[in-house]
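Student: Below is one structure. I have some questions about it.
The values are calculated or read from the model by the stated rules, or taken from the named source; none is laboratory data. In this text, all values refer to a predicted model and were calculated from it rather than measured experimentally. A quick note on method: Cβ atoms are made from the backbone with ideal geometry, for glycine too, and the neighbour counts reach across all protein chains shown. To get the accessible areas, we keep the full protein, side chains included, count just its heavy atoms, and leave off ligands, DNA and RNA. Shrake-Rupley method; radii C 1.70, N 1.55, O 1.52, S 1.80 Å.
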Amino acid sequence: MSEHERDVLITRVIDDEASPADWEALKALAAADPSIWQEVAEAQHARSLLADGVAEAIAIADEVVVPVEEHARWRFSQRLRLGATWAGWAAAASLGVIWATGLVRPSTTPMGMSEAGLVPTARTHSQALQDYLSLGREAGVVVDQMPDLVVMSAKQSPDGKGYEVLYLRQVLERAVVDDFYKLGKDELGRDVPVGVHRAPVKLGPM
Amino acid sequence: MSDLTANIERVRTSAAVRGDQEAIRALWQSNRRWVAAILLAHKPREADVEDLLQDVAMTVVRTISELRDETALRPWLRTVAINAARASGRKATRARREPRSDGGALPPDNATLTPDMALERREEARRLLDLARQLPEGYREPLILRCVRGMTYAEIARLTGLPETTIETRIARGRRMLRELREKAALGEGGPENAEGDVGARAGRIGQTVGDDGPRKGGPEHV
């Protein structure tokens, strides 16, 4: 038996991976050379020592948890967070372009009054927006349009003249609901709405 | 891992991929020890296992939904751990922290040791682990993994994608290399023995070399 085969045999024995044939081979070796038991004992001792060292080094693993809740909150905040981080000049430039072109104008119409008149008829998308705001206020659904625009992205326009800006417009609306629900699980693990019979105490998604 | 355990893990993995938080927690709890062993085998000396484990935990939470094969959870975890260990090597070194102390309590398997003996054993175990971490990567990983409860040759083979015979061969050779490193370290500590004398003494203990009976059926693979 080569030295390597001897090593493999001892390794199987001390790792409790030896087959009956391996044990027979070991006994046969020991019959010819009893010192192999000393090798086995030394190998077992080294294995035990190393196992202790590894166990101590990895014991900290029992205290490390997966941050599932933190991640869920982070993902949620990512959906709600509608801003982007910009250098000050880029944000200022994009807002300047918007104001200069008159593309966006926060509503200055007092609540309850229609800017477009008795029968609002949209001729452009801006007019349609104003009609929506007006009618919504009358219906008690729209509270107001938020004055701040949220810039999502800004880049130089393809023709090199100015900047292409994507921005978010926010409208505050009001609704009356019969109950609040949260997502729960049925017996099959499927998502189902579960009524929560209490008033919300903080802002969050509906 | 038994078939039942494997099936449970597969079901949990499927649920975890769909975002089930409890399933993610359960999978982490049942696998974090051997993941820590992977980190131990691959991390730079200065890196901290706890820090790396937290990095891995975060990566698991963020990316487990991308796992396509439910049976490949463990190899995937291993890859995440190795990547985390290697990435830490590219970061600035940090102060090496002392190993976690258990307050001096005796390990259960050595309850008969006196406190001094237990301390000496602990120090010896740490030195041996330090030496093991100097082995080539292909040898130290299976050797360290073998020290984790439940990591059989078959399980390590599944994890690494290597044949079982290769794993046992690498563990056997790794132990021989570790023994030689340990002997060199003992000589380097100013022991009176010279290298030849020590090897001679070892040969004497082993005794006559047994004749080679030729290759064994299903014998170890030479790697």
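Student: Over all residues in B:152-163, what is the mean tally of Cβ atoms on other chains that come within 10 Å of each residue's Cβ?
Tutor: Across B:152-163, the average partner-chain Cβ count within 10 Å equals 1.
Student: Once each part is reduced to its C-alpha centroid, what is the distance from segment B:48-78 to segment B:115-179 in angstrom?
Tutor: A separation of 22 Å, based on Cα centres.
Student: Mind checking how much accessible area B and A bury in total, 1.4 Å probe, in Å² rounded to 100?
Tutor: Chains B and A together bury roughly 5000 Å² of accessible area.
Student: For segment A:1-30, state which residues have at least 30 Å² less accessible area in the presence of all protein chains than in their chain by itself, taking the probe as 1.4 Å and leaving out ligands, DNA and RNA.
Tutor: A:Met1, A:Glu3, A:His4, A:Glu5, A:Asp7, A:Val8, A:Thr11, A:Arg12, A:Asp15, A:Glu17
Student: Per residue of A:62-74, what is the mean number of Cβ atoms on other protein chains within 10 angstrom of that residue's Cβ?
Tutor: Taking the mean over all residues of the peptide, I get 6.
Student: Which of the trypsin sites (Lys or Arg not before Pro) found in segment B:19-55 are loop residues per DSSP with 12 or fewer other Cβ atoms within 10 Å of their Cβ?
Tutor: Within segment B:19-55, the qualifying trypsin sites (Lys or Arg not before Pro) (loop, at most 12 other Cβ atoms within 10 Å) are B:Arg45.
Student: Additional query: Report the label-to-label distance for B:Met117 and B:Ala185 in nanometres (one decimal), using points 7 Å from each Cα along the Cα→Cβ vector.
Tutor: 2.2
Student: Oh, and also: Peptides B:166-174, A:62-70: what's the order by average Cβ count within 10 Å, highest mean first?
Tutor: Per-residue Cβ counts within 10 Å, averaged per peptide and sorted highest first, yield B:166-174, A:62-70.
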